[in-house]
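A short reminder: the numbers here are calculations on the coordinates, not readings from a lab. From a predicted model like this one, the values you see are computed outputs, not experimental measurements. So basically every Cβ, Gly included, is an ideal-geometry build from the backbone, and we count neighbours across all protein chains shown.
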Amino acid sequence: MSRIAFVNGQYVPHKDAAVHVEDRGYQFADGVYEVCEVWKSAIIDMPRHMDRLDRSLRELRIDWPLHRKALEFVMAETVRRNRVSDGIVYVQVTRGVARRDHFFPSGDVAPSIVVTARSANPKVADKQAETGIAVVTYPENRWPRVDIKTVALLPNVLAKQNAKEQGGKEAWYVDQDGNVTEGGSTNVWIVTKEGTLVTRPAESGILKGITRAVVLDLVERHGIAFEERPFSLEEAKQAREAFVTAASTLVMPVVKIDGSPVGNGHPGSVATALRDQFHTATDLHRL
Ligand code: PLP
C-alpha cells in the first residue's frame, strides 16, 4: 500500500509530497512541529500535543494553518489513510511561502502545513527496552529557546550523529555547569543511589516533553520518590538507573553513558515499571 501525506489542504501520494523551494521552513527553519505516538489505532495525548503546538506557534507568531479541530481531523485521517495502527503521526507548520527575506512576509501569506504518518513495530522498541540503550554526551550548543519545538534541529542532528558514530543511540547534552540538560530528541531522567527519581525542571534549557508530563502523572499516582532539579553528568554516572522519554520511544532505559555502565548495566526497575504502566496514564484519541 502506498503512503499518503497531507500537504497544504490535499492528500497526496507520499512520493509526490513536496513544498515550494521558498517555503520558509526550507529556507530559514522558520517552523514548528509535533510528533504524536499512534498506539492501538489511537493518537496518544492529542490535547497536550495541540496545546504545545499552540504555544510554539504563538511564541513564533505563526498563525494556526487550520482550526485546531480540523487539524485533529486531518491527523486522524492521515493515520487512517496510511493504515497505521502503531507508529507516529508528524505535523509541521511553517510561516509559509514567500520571496526569500528574513523579515516576516506580509499578512496574506498562509502558513504551510504538512502531516505524515508512519508505522513502527512496537515489538522492536520493546526489545530495545529489554536491553536498554547507550548514550554519548555532547556539549550544549543550542539556542536558549529550546522550549519551542522548532524544526531548527541541526545541533540535534550533529549531536545524535556523533552518538551514533560512537555506538550510542542517543546524545545527552551537558551544559557549561556540567549538568545534563536533555537528549538530542528526548528528556532525561535518573534514579539516584538513594532511589529518588530526578528530572530537570522544564522552566529553561529543555523542551517540555509530553511523555515527560505523562511520566510525572504516573510518579504522582504511584507516590514514587521524586525531585525536579538539575543533575550533573557525574551524578548520572553514579546513578542506580537512567532513562530517556519521548513520544517516539516512550520510556527507554539507558544502560551506558560515554561507555561507563549505569548501575548494574541493565535496565532498572523504575524505568521498566514506568514503561509497562505508560499507557494507563495517556489520553487516547480514537480514529
Ligand atoms: N527533547 C527534545 C529535544 C525532543 O526533540 C523531544 C521529542 O522530540 C523531547 C524532548 C521529548 O518530547 P515528547 O515527549 O513530547 O516527544
Past 31 Å, Cα to Cα, is the threshold; run Lys149/Lys169; Lys127/Lys208; Lys15/Lys208; Lys127/Lys193 against it and keep the listed order.
Lys15/Lys208
Helix 122-131 versus the longest principal axis of the chain: what is the Cα-based angle in degrees, 0 to 90, to the nearest 10?
30 degrees
In 5 Å bins starting at zero, report the fraction of Cα pairs in the chain per bin as a rounded %.
1, 5, 12, 15, 17, 16, 14, 9, 6, 3, 1, 0
Label point 7 Å out from Glu235 along Cα-to-Cβ: which residues of the stretch 190-218 have amide N under 16 Å?
190-206
What do you get for chymotrypsin sites (Phe, Trp or Tyr not before Pro) in the stretch 72-138 restricted to DSSP loop and a cutoff of at most 16 other Cβ within 10 Å of the site's Cβ?
Phe103
When the Kirkwood radius is taken over all Cα pairs of the stretch 1-150, what Stokes-Einstein diffusion coefficient follows at 25 °C and 0.890 mPa s, in µm²/s?
146 µm²/s
Gap separating the Cα centres of the stretch 169-209 and the stretch 1-58, nearest whole Å:
27 Å
Longest exposed-loop-site-free stretch of the chain, with trypsin sites (Lys or Arg not before Pro), DSSP loop and at most 14 other Cβ within 10 Å?
194-287
